[in-house]
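Structure, as structure tokens:
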Amino acid sequence: MKPERLTAGEASDLVVELRAMADLPPGADPASLRRAKEIRFQLRGRPTTSPTAASKADEVYRDLEIRDRLTDYRRVLEWARGAGVVGAAEERRLRQQADDHPRRAAAAFGDVLHVRDVVRGVFTSVTRERVTGSDLDEFNTLLANATPHLRFVRKPGGKLTRGWNGFGESLDSIQWAVVWAAAELLASNDAAHVRECGGVDCGWMYVDRSRNGLRRWCEMEVCGTAAKNQRRAAARSS
């Protein structure tokens, strides 16, 4: 049985949807990348009266892939090290594990993207004051997967601190720490001050601790400066 033929209008609508996704912040919405894959399959998997639709789907899909800051497990490790989620010794152990078990690393990477998707969805809902039961259900599932690994350990001098059983050994251990940190933020007073950066092609979220609560940028020196430059350029051209 031949696949159903797409009309030029249907193909055009799908391309318009893809182009709208291309305007999203980089790495901000992994669900969009999955939707882009579906559209790309539709355009390439069925005959279409639009000869350029399939190539346009490939172009936009590649752009979405390139713009995602997390491209593989090694990039996840780089981010985790820079964010202080793992230390140098833990990073080395996890990197070795990923090199020794590439399939496991690929699976762990997919799980990290899912965690990012769910956590971002919850905090986006918080900023818009529209948290739904489904948002919390997904997040609570992640939390339930992380908490069995939670342990309290005694540090030198007798102080107790939170730790993780198998942290730095399991490729999934980065997720545990990220989900727990997100849970602590959700339960804190700072949750009401979570904001999304207003910068073009940014997508970062931050806690606004400014005195007047009107901070707009993740970093003034980066996104704030870029916005000022864009306004100046627009003023000169008008």
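Annotations
- Qualifying positions in the stretch 171-218 - of a type in the set (F, W, Y) and out of contact with any His (no Cβ under 7 Å at 6 or more places or on another chain): W180, W204, Y206, W217
- Test result for R216, charged (D, E, K, R) and in contact with a Gly (Cβ under 8 Å, 6 or more places away or on another chain): yes
- Residues in the stretch 169-181 include at least one that is over 21 Å from the mean Cα position of the chain (by Cα), surrounded by fewer than 17 Cβ atoms within 10 Å (Cβ to Cβ) and touching a residue at least 40 places away in the same chain (Cβ under 8 Å).
- Strands (runs of 3 or more DSSP E) contained entirely in the stretch 159-226, each with at least 2 residues that are farther than 23 Å from R69 by Cβ: 160-164
- Selection count, the stretch 95-138, where residues are without any contact (Cβ under 8 Å) to a residue 60 or more places away in the chain and either on the phi > 0 side of the Ramachandran plot or aromatic (F, W, Y) (or both): 2
Yes/no per residue for (1) outside any helix (DSSP H, G or I); (2) surrounded by fewer than 12 Cβ atoms within 10 Å (Cβ to Cβ); (3) at pLDDT 90 or above:
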| site | (1), (2), (3) |
| --- | --- |
| L64 | no, no, no |
| L77 | no, no, yes |
| V85 | yes, no, yes |
| E91 | no, no, yes |
| Q97 | no, no, yes |
| V115 | no, no, yes |
| V122 | no, no, yes |
| R130 | yes, yes, no |
| D137 | no, yes, yes |
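- Flag for T141 being in a helix (DSSP H, G or I), without any contact (Cβ under 8 Å) to a residue 60 or more places away in the chain and among the β-branched types (V, I, T): yes
- Consider the stretch 181-227 and keep the residues that are over 18 Å from R128 (Cα atoms) and among the polar types (S, T, N, Q). The one that is modelled with the lowest pLDDT is T225.
The values are calculated or read from the model by the stated rules, or taken from the named source; none is laboratory data. All values derive from a computational prediction rather than experimental measurement. Cβ: placed from backbone, ideal geometry, glycine included. Neighbour counts: every protein chain shown.
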